[in-house]
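For reference, the structure is listed below as structure tokens.
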Amino acid sequence: MPRTGPKAVVKTPGKLHKSIAEWSGYVLVLLFATTAIAQPYVIPTGSMQNTLLVGDHVLVDKLAYSPAGGLARHLLPFDEPKHGDVIVFRYPPDISQTLVKRLIGAPGDHIRITQGAVYRNGIRLYEPYVIHQPGYVAALDNFPGACCLPVAQPEARERQREMLERNVVNGELIVPPGMYFAMGDNRDDSSDSRYWGFVPRDSLMGKPFLVYWSYDASTQDLMGQSAGSVIAHAIDLGEHFFTRTRWSRTLRVVRGVPDDVTERAN
């Protein structure tokens, strides 16, 4: 009688092993969802006030925009960045930081700001979302020009210098291929493309679509990096969660606003 080799044995996992396997699967799905589909972020500054407030916790749709190339753009429900979109992107001078602004200029657009009014391709934009700080002087907000002193970061200064030297023609900024021009809705308190240049297409990460929670906290509390600041914020949450949560903003949808024209420039 011929000898047979060892049998292939399939062992039925016990309850503990089965539970571990199931929860491992759930964790993997959650990790995939939060890295490839949607990801939570907190808004630490007021540059997008009142569209997004300091302390808003948002979900960002990471499948919003089609990749620059490849087959995936034809298979998945991607979109192209549009004027008026609220966008999340890697800060060009330091890609370890993530910023949120509004898309104002796309490749080929001619941008200028005259006494605070934004003109794109010779047409004034309709921007109901913009706010200005008390004491704002519109005559000082003219771009490209001397309105926007560069930020202290050397990389930001260099990017602004290159933009103004290479991309300004007849008093207008021309957005080059593969780049976008973004500004905050809080125009007097926003570090944006006016100060550090264009946003590359590859830096776009998606767009926020939902405020899932909003808590009235300071920028200092939200951006604190030390152990002490983290502990202090945790204590503050424990003491004031119900009274400082902005319940009216819970599950608020974030939408881009088409900046329809109002009038032609003279």
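Brief remarks on what is shown
- Conditions (1) at pLDDT 95 or above; (2) of a type in the set (A, V, I, L, M); (3) over 19 Å from the mean Cα position of the chain (by Cα); (4) surrounded by 14 or more Cβ atoms within 10 Å (Cβ to Cβ): number failed by A182: (3)
- Filter pass, M163 being free of Cβ contacts under 8 Å to residues at least 40 places away in the same chain and buried (at least 19 other Cβ atoms within 10 Å of the Cβ): yes
- Tallying residues that are farther than 16 Å from G84 by Cβ and either among the hydrophobic types (A, V, I, L, M, F, W, C) or crowded, with 18+ Cβ neighbours inside 10 Å (or both) within region 94-109 yields 2.
- Tally, over region 185-197, of residues that are surrounded by fewer than 23 Cβ atoms within 10 Å (Cβ to Cβ) and in contact with a helix residue (DSSP H, G or I) (Cβ under 7 Å, 6 or more places away or on another chain): 1
- Residue-level check: of (1) crowded, with 19+ Cβ neighbours inside 10 Å; (2) in contact with a strand residue (DSSP E or B) (Cβ under 6 Å, 6 or more places away or on another chain), I123 misses just (1).
- Residue satisfying all of: in region 185-197; closer than 15 Å to T98 by Cβ and of a type outside the set (G, A, S); nearest to the chain's Cα centre (by Cα) among these: D192
- Residues of region 203-218 that turn out to be under 19 Å from V86 (Cβ atoms) and either out of contact with any His (no Cβ under 8 Å at 6 or more places or on another chain) or not small (G, A, S) (or both), as a count: 11
Listed here are the residues, each with its yes/no results for (1) part of a loop (DSSP other than H, G, I, E, B); (2) more than 21 Å from the chain's Cα centre (by Cα).
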site	(1), (2)
R102	no, no
P128	yes, no
G135	yes, yes
L149	yes, yes
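Residue-by-condition table, conditions (1) assigned to a loop (DSSP other than H, G, I, E, B); (2) aromatic (F, W, Y):
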| residue | (1), (2) |
| --- | --- |
| F181 | no, yes |
| D189 | yes, no |
| D202 | no, no |
| S229 | no, no |
| L237 | no, no |
| D259 | yes, no |
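- Subset of region 217-260 (residues that are surrounded by 15 or more Cβ atoms within 10 Å (Cβ to Cβ), touching a Leu at 6+ places or on another chain (Cβ under 8 Å) and modelled with pLDDT of 90 or more): R246, R249, R252, V254
- Filtered by the rule that a residue be aromatic (F, W, Y) and closer than 30 Å to A106 by Cα, region 195-236 gives Y195, W196, F198, F209, Y212.
The values are calculated or read from the model by the stated rules, or taken from the named source; none is laboratory data. Here the structure is a predicted model, which is why all the values come from computation and not from measurement. Methodologically, a virtual Cβ is constructed for each residue, glycine included, from the backbone with ideal geometry; neighbour enumeration extends over all protein chains shown.
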